[in-house]
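Taking it in order: structure first as structure tokens, then the write-up.
Just so it is clear, none of the values below were taken in a lab; they were calculated from the coordinates. Bear in mind the structure is a predicted one, so any value in this text is a computation, not a measurement. Counting neighbours? That spans all protein chains shown, and the Cβs are built from the backbone with ideal geometry, glycine included.
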Amino acid sequence: METDQLFHTTLSNLGISALNAMQEAAIPAVQNHANVVLLAPTGSGKTLAFLLPVLQLMRADVPGVQCLILSPTRELAIQIERVWQKMGTGFKVNTCYGGHSMQTETQNLSQPPALLIGTPGRIQEHIARKTFALENVKTLVLDEFDKSLSMGFQEQMGDIIKNLGALEKRVLASATDKQHIPLFTGITHPRVLNFYKAAEKSTDGLAVKQVVAASQDKDDALVNLLCYLGSTPTLIFCNQRDTTEQVRDYLTGMGIACAAFHGGMEQQDRERTLVQFRNGTIVFLVASDLAARGLDIPEVRNVIHYEAPMKLNDFLHRNERTARMHAANTAYLLLRPGEPLPVYLPEPPPVFEVPLSETLPESSPWLTLYISGGKKDKISKMDIVGFLSKKGNLKQEDIGKIEVLDFMSFAAVRKDLAAGVLRAIQSEKMKGKKYKIVVTN
């Protein structure tokens with residue numbers, strides 16, 4: 001397939017009409033240079049910017065893994081895999097990460113993918129076990145490299161790179177400007193694509209405001225702010241895992257439905273929470289900085305800094321969750337009386353006096369059904385839509401976003417119809433098989 005036709009087909013599969021400037025620049029850069037460094041904020045399209053040239057480098061007649069992508073988090077690895085799958089490339093992809101079954105991963109690698117994505121620790125373990133061959137790995141992508149460094153993956157990444165003797169292309173992607181490149185990467189004299197200045201123009205719609213609580217307890221001020229904002233997708237950032245749970249518990253006790261998200265949660269719980277946030281079952285997500293970047297979550301209308309981060313980069317990464325597509329969205333900095341502003345702010349944001357409100361935000365009209373089958377069971381989104389429509393008597397507008405994972409699926413349905421749906425389908429089979437279908441918490 002010709003390159004132009006290949007990209008046209010890929011963009012059509014993704015539902016994208018055109019590439020942005022960064023993605024346009026990345027394709028020839030990776031084509032023509034052995035080492036490329038791509039610097040751009042979270043949410044600017046870096047994943048597609050390196051996957052498109054990776055696709056161009058793939059050869060159908062070469063066996064085994066041809067490209068290895070290292071990701072600092074499981075969530076980001078899964079997100080990259082989903083983008084590749086949506087691209088409809090025809091090349092197999094597998095993802096490996098801690099918390100995932102090593103037996104399942106090893107079995108998947110027995111028929112090796114062309115593209116392998118994984119976290120450094122798990123990929124290092126697979127290399128030590130020799131579960132996949134390295135001689136055809138010609139391309140290496142280090143995604144969110146700054147995050148990998150801050151999480152302490154230097155040793156694992158260095159060990160992996162030492163074992164990749166056939167590398168011809170190295171791509172480093174980072175959400176931090178002026179990224180320092182350690183020697184262990186093997187990246188020398190790179191072609192640097194810095195799209196921070198271009199991105200600044202696209203985030204002009206973001207307003208940053210400070211909200212000063214009436215007392216040293218910020219919880220009431222947070223509740224009042226959420227009442228003012230109403231039921232619009234909002235991320236509430238905290239600095240510590242314990243704080244996210246405390247804030248979640250307080251808001252829940254006040255009658256505001258929300259969920260917590262942090263690195264201390266089990267992987268399955270984190271995935272389920274993100275699914276519910278993506279499909280609108282959860283409107284308010286109280287999160288650590290794990291949610292600040294590298295996650296497949298929708299653009300949100302509001303970001304609330306319940307606690308200000310220590311570093312400017314973290315502050316910017318959080319805000320980038322809402323400052324996209326020229327949207328007129330807002331980041332709120334919640335402060336106690338007399339609490340100093342972060343030193344990294346060049347000037348004080350305007351103080352926003354939140355109007356008092358006694359009306360709590362409306363709860364989401366959706367809830368999420370868990371289905372105990374997924375891609376490995378040959379279940380598709382259309383299978384689920386057909387099943388819920390024919391057996392559950394739902395109309396198209398009663399079914400929200402559906403996500404099909406390897407061994408499980410999730411479907412958003414109208415909350416007021418869920419009980420009737422579950423009664424109608426409790427004895428029914430989908431594609432000739434009975435699956436467990438319950439409301440997920």
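A few comments on the model shown:
- Per-pair calculated FRET efficiency, R0 = 60 Å: Leu345 and Glu135 via Cβ, rounded to 0.05: 0.75
- Out-of-range pairs (alpha-carbon distance over 32 Å; input Lys169/Lys401; Lys130/Lys401; Lys130/Lys381; Lys130/Lys378; Lys395/Lys434; Lys169/Lys209): Lys169/Lys401; Lys130/Lys401; Lys130/Lys381; Lys169/Lys209
- Modelled this way, with points 7 Å down the Cα-to-C-beta line, the labels at Ala419 and Ala257 are 1.5 nm from one another.
- Close amide H pairs (under 5 Å, H built 1.01 Å from N) link Gln210 with Leu333, Val351, Phe352, residues at least 5 positions away or on another chain.
- Shape call, the stretch 226-280: gyration tensor on alpha carbons, a/c limit 1.5: oblate
- With the helix formula -39500 (n - 2.57) applied to DSSP H stretches of n ≥ 4, the chain reaches a computed 222 nm mean residue ellipticity of -10000 deg cm²/dmol.
- Residues in the stretch 144-150 carry Karplus couplings, in order, of 6, 4, 4, 5, 4, 5, 5 Hz; the curve used is 6.51 cos²θ - 1.76 cosθ + 1.60 with θ = phi - 60°, and Gly or Pro positions show x.
- Cβ crowding within 10 Å, taken as a proxy for footprinting-reagent exposure, orders Thr243, Thr104 from fewest neighbours to most as Thr104, Thr243.
- The label-point distance for Val439 and Leu57, in a model that sets each label 7 Å from Cα toward Cβ, rounds to 4.9 nm.
- Potential lengthening between Gln426 and Lys92 on full extension [0.36 nm per residue; Cα-Cα distance subtracted]: 116.7 nm
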